[in-house]
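> One structure, as structure tokens, below. Some questions next.
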Amino acid sequence: MMTIDVETLRAWLEEGRPVTVLDVRPTAERAEWAIPGSIHVNAYDALRAHDPAVLADVDAPSDGPVVTVCAAGKTSQIAAEQLAARGIEALSLEGGMKAWSLAWNVAEVSLAGDAVRVFQVRRTGKGCLSYLIGAKDEALVIDASLDPQVYLDLASREGWQITHVFDTHIHADHLSRSRQLAERSGALLLLPDQQRVSFPFTAVRDGDTLATSTLQLTALYTPGHTLESTCFLLNEHLLFTGDTLFPTGIGRPDLEADEQQTRARASALHHSLHKLLALSSDTLVLPGHTSTPVPFDGIPIAARLAEIIEAVEIIHAPRDLFIEYIMARIPPTPPNYRQIVTLNELGLLPESDVTDLEAGANRCAIS
Ligand SMILES: [Fe+2]
């Protein structure tokens with residue numbers, strides 16, 4: 001059986017190599033999340049029943065192989081066999097979408113005339129956005145959500161040593177890799193000041209600034225999404241907002257909170273958002289998540305504060321209305337978030353497959 005692993009497919013898509021990704025999952029599963037640019041045939045049940053005609057309409061691509069994808073990499077093998085029997089070069093994605101959860105791509109934020117370079121490192125399926133910020137020979141990482149080796153490789157490619165690792169908050173939808181990355185790189189681990197985690201870290205408080213000869217990173221305490229949520233302002237024009245503010249929405253304040261606590265956090269979020277709105281309107285906001293699979297397009301997910309002020313009307317509502325709006329729009333709770341929070345507070349990764357816990361799309365925003 002011809003198969004392809006996630007890392008190879010990921011690299012092909014990032015290089016722009018010709019490949020046709022054929023998703024054979026049921027329509028409802030595909031609606032949750034999919035590989036960007038993939039085509040879909042709702043063939044799952046028919047393939048399980050070994051119906052030989054279900055992929056008859058799939059033409060041989062003019063260029064490159066077909067990669068078949070299902071949930072866990074079994075039914076996609078049947079699909080690949082059927083295509084191969086017709087003479088089409090077909091590869092089944094090992095581990096399916098579950099394994100694809102760890103696939104990623106990179107977009108560089110263009111900063112004309114700046115000595116600093118910023119890469120947005122995106123977990124395409126889960127929509128987790130992390131950042132590698134480098135200048136001269138040093139680099140910082142914010143909200144590491146991928147295997148530490150990914151950041152170590154990207155940094156060494158640029159000739160950077162990772163010296164500081166930050167999280168914007170204690171995450172509930174993915175396992176933070178920041179502690180592990182700090183250990184692997186020898187970097188300092190910096191987290192917002194809180195009593196939640198049970199491992200050593202350097203506490204970051206409102207206004208704390210990391211300054212080197214080329215960059216200045218300032219912490220802005222912005223409670224709401226969580227009580228410790230903190231944004232980071234780089235060189236006064238790039239704002240890393242974690243799950244506090246998104247290009248088209250705001251962070252949800254309800255995880256691990258009862259109704260009264262959620263209201264209190266929504267109120268804090270209102271105050272925090274106004275603190276951000278006071279920054280220069282051409283500040284570029286770089287969020288911690290996106291809710292749709294991230295294309296392999298090299299285009300950063302970002303928006304100017306001015307655009308967000310236009311797009312996210314609720315920011316302008318008075319506090320009471322803002323709170324009621326949020327209470328009426330709390331999205332479904334992400335699966336497994338309690339276990340994820342517990343592991344993030346302990347600074348541990350599960351011994352079992354991480355993708356079991358992290359399955360599903362991101363649900364950190366209200367829009
Ligand atoms: Fe979050």
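The values are calculated or read from the model by the stated rules, or taken from the named source; none is laboratory data. None of these values were measured; they are calculated from a predicted model. Virtual Cβ from ideal backbone geometry, glycine too; neighbours counted across all protein chains shown. We work out accessible area using only protein heavy atoms, side chains counted, and drop any ligands, DNA or RNA first. Shrake-Rupley method; radii C 1.70, N 1.55, O 1.52, S 1.80 Å.
> Leaving out ligands and nucleic acids, note down the accessible area per residue over segment 89-231 with a 1.4 angstrom probe, in whole Å².
Accessible surface, normalised per residue, equals 34 Å².
> Check the straight Cα-Cα distances from K74 and name the lysines below 30 Å, setting aside those fewer than 8 residues away within the same chain.
Result set, ordered by chain and number: K98, K126.
> When the dipole is taken about the Cα centre of segment 238-341, and only Lys, Arg (+1) and Asp, Glu (-1) are charged at their Cβ, what size is it in debye, to the nearest 20?
Dipole of segment 238-341, to the nearest 20 debye: 180 debye.
> Length gain on complete extension for the stretch D258 to T202, per 0.36 nm per residue less the alpha carbon to alpha carbon distance?
Full extension of this stretch gives 17.2 nm more.
> How many nm separate the modelled label positions at H274 and D114, each set 7 Å beyond the Cα in the direction of the Cβ?
The two pseudo-label positions are separated by 2.9 nm.
> Moving on to the next point. Give the calculated FRET efficiency between R86 and D356 to the nearest 0.05, with a Förster radius of 30 Å applied to their Cβ-Cβ distance.
My answer for the efficiency is 0.30.
> Which stretch or stretches of segment 120-154 have amide N atoms under 20 Å from the point lying 7 Å from A211's Cα along the Cα→Cβ direction?
Correct set: 134-140.
> Which peptide among 214-226, 60-72, 161-173 comes first, and what is the full order, when sorted by highest mean count of other Cβ atoms within 10 Å?
Going from most to least packed, we get 161-173, 214-226, 60-72.
> Right, another one. For the chain, with all protein chains present and a 1.4 Å probe, just round the carbon and sulfur fraction of the accessible area to a whole percent.
Looking at the chain in its full context, I get 50 percent from C and S.
> For a label point 7 Å from the Cα of E32 along Cα→C-beta, name the residues of segment 114-146 whose backbone N is under 20 Å from it.
Those under the cut-off are 123-129.
> Say we join alpha carbon atoms closer than 10 Å with springs in a Gaussian network model of the chain; which of A46, A103, A328 then has the biggest fluctuation?
A328
> For A311 paired with A56, estimate the spin-label separation in nm (one decimal), with each label point 7 Å from Cα along the Cα-to-Cβ line.
4.5
> Stretched out fully, how many nm does the piece from D282 to E158 gain, at 0.36 nm a residue minus the Cα gap?
Extending this stretch completely gives an extra 41.9 nm.
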